[in-house]
Amino acid sequence: VRNQTIISISNDEFGVAVPIVDVPPSISSIVDQSTNEDTQKVIDFSVSDESLTTLSLTSISGNTELVNQTENGGMTIPSSSTDSRTITLVPNSNKFGVVEINITATDDLSQTYTESFNITINSVNDIPTISFPGNQIIDVFTSTGLLPFTINDVETGCEFLTLSKATSQSSVIQ
């Protein structure tokens, strides 16, 4: 007795259903950044979503004393239909320190990805300010009397500022 193998070939058609797997969006890595106080910083990054859905981007400041949330003018991510994006950070006036920023990409199917980075806002020595008492007209050999003015400095208390006077006409004004 011999072994026989019977092979049957069929030309039947059939369908295969492959489920669509939504892959979360991604954001390129953003290295830690720095800027001086009162100086905005524009940071480039890219986003992608393999499922080709529409992405929305949001940003969150870890310290609103240093950088406000988007709705308060602290951060702006312009709309774009490309993968290349930017975020503009605007530090609050005369504030410095380190703040964590989170950017979250969300696709149409609610899949999310968040990229975090720190931005160091460097302190800058602001110049003191002084009010101008206005032009004065006086008679010869008389005095103006006291001229009120104000001084201010963001970093230094007024009691620690040194005031001095100068004139280009020392023969007339003492």
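Every number here is computed from the coordinates shown, using simple stated rules; none is lab data. None of the values given here were measured: they were computed from a predicted structure. All Cβ positions, even for glycine, are placed from backbone atoms using ideal geometry, and neighbour counts span all protein chains on display.
Points to keep in mind about this one:
- Semi-axes of the equivalent ellipsoid of the chain are 72, 15, 12 Å, computed as sqrt(5λ) over the eigenvalues of the C-alpha gyration tensor in descending order.
- Its Cα centre serving as origin, segment 33-84 has a Cβ charge dipole (Lys and Arg +1, Asp and Glu -1) of approximately 40 debye.
- Every Cα-Cα pair in segment 73-170 was counted, and those over 18 Å apart are 70% of them.
- Around the Cα centre of the chain, unit charges on the Cβ atoms of Lys, Arg, Asp and Glu (plus for the first two, minus for the last two) sum to a dipole of about 380 debye.
- Considering only Thr144, Ile119, Gln40, and ranking their Cα positions along the charge dipole of segment 28-163 that arises from unit charges at the beta-carbon of Lys, Arg, Asp and Glu, the one farthest toward the positive end is Thr144.
- When both bridge partners sit in the chain, DSSP labels roughly 90% of those beta bridges antiparallel.
- Globularity index of segment 20-71, i.e. its alpha-carbon radius of gyration over 2.2 N^0.38 Å: 1.49
- Relative packing of 127-133, 74-80, 102-108, which averages over residues the other C-beta atoms within 10 Å, highest first: 102-108, 74-80, 127-133
- Using Cβ point charges alone (K and R +1, D and E -1), the dipole size of segment 54-156 about the Cα centre works out to roughly 140 debye.
- Dipole of the chain computed with +1 at Lys/Arg Cβ and -1 at Asp/Glu Cβ about the Cα centre; of Val67, Pro24, Thr162, farthest Cα towards the positive end is Thr162.
- Relative contact order, whole percent, for the chain stands at 22, derived from Cα pairs under 8 Å and 6 or more residues apart.
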